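Q: Quick one: the structure is below, questions incoming.
The values are calculated or read from the model by the stated rules, or taken from the named source; none is laboratory data. Predicted model only: the values in this text are computed from it and were never measured. Every residue, glycine as well, gets a Cβ built from its backbone with ideal geometry; the counts of neighbours run over all protein chains shown. Surface areas here come from the heavy atoms of the whole protein model, side chains and all, with no ligands, DNA or RNA. Shrake-Rupley method; radii C 1.70, N 1.55, O 1.52, S 1.80 Å.
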Amino acid sequence: MNEAEPHIGTLREKPLHASLKHWYARPGDRVEAPIGRFVIDLVRDDLLIEIRAAFGHCGDYRQLRLHGDCHRGNVLWTDEGPHFVDLDDCRNGPAVQDLWMLLHGELSERTVQLSALLEGYRMFHDFNPGELALIEPLRGLRMVYYSGWLARRWSDPAFPAAFPWAASAHYWSQHLSDLRHQLEILREPPFRLF
């Protein structure tokens, strides 16, 4: 290997990058696998999953204790206000992990939603705007993780009953199309507020 090329384990990755590899790795996976002249972050069943260097764009960030699966379906509203449920995915990570899944709609709608969400968030805690660069990489990782979660749990009789669409060729075809689209988004400049 040429001395100018990166060596396994010496890529000076940020702590989140290393943490994500650890989080997504499953028994039998190869981590930092040399493939030709490249080092691939995670290889699973011949599927290459490269956790993008986009995590380097956000600069320094603090790892916080997070809900980990904070989307609108996991927020129940009562007369007393919101209640967060489904806490089995709690983990440490950047604050934006618990914010981006609350956004929906087109980019212009998500931008307005995020501005309002951050205005409220900043009433309680500082927010590093550099973390906005993590939104699309985190979305891509979630897409891969969710389909893997379904596949890993498929032998549980509750899963085919709860997710019958996951057995269809249409779902997997659409999933691959969505992953290709997400890769295109990852190649665009990171998300920014006005």
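Q: Name, by its number, the condition in (1) open to solvent by 40 Å² or more (accessible area, probe 1.4 Å); (2) part of a helix (DSSP H, G or I) that does not hold for residue 92.
A: (2)
Q: What number of residues in the stretch 58-89 are farther than 21 Å from residue 127 by Cα and either assigned to a helix (DSSP H, G or I) or modelled with pLDDT under 90 (or both)?
A: Matching residues across the stretch 58-89 total 5.
Q: Could I ask something else about it? Kindly evaluate residue 145 against the criterion of being modelled with pLDDT under 85 and hydroxyl-bearing (Ser, Thr, Tyr).
A: Yes: the conditions hold for residue 145.
Q: If you go through the stretch 154-172 one residue at a time, do you hit one that is surrounded by 10 or more Cβ atoms within 10 Å (Cβ to Cβ), modelled with pLDDT of 80 or more and under 30 Å from residue 130 (Cα atoms)?
A: No, there is no match, as no residue in the stretch 154-172 is surrounded by 10 or more Cβ atoms within 10 Å (Cβ to Cβ), modelled with pLDDT of 80 or more and under 30 Å from residue 130 (Cα atoms).
Q: Continuing with the same structure: If I filter the stretch 99-135 down to residues being among the aliphatic types (A, V, I, L, M) and assigned to a loop (DSSP other than H, G, I, E, B), which single residue comes out as surrounded by the most Cβ atoms within 10 Å (Cβ to Cβ)?
A: Here the answer is 99.
Q: Then there is this: For residue 142, work out the one condition from (1) open to solvent by less than 60 Å² (accessible area, probe 1.4 Å); (2) part of a helix (DSSP H, G or I); (3) within 15 Å of residue 71 (Cα to Cα); (4) not hydrophobic (A, V, I, L, M, F, W, C) it doesn't fulfil.
A: (1)
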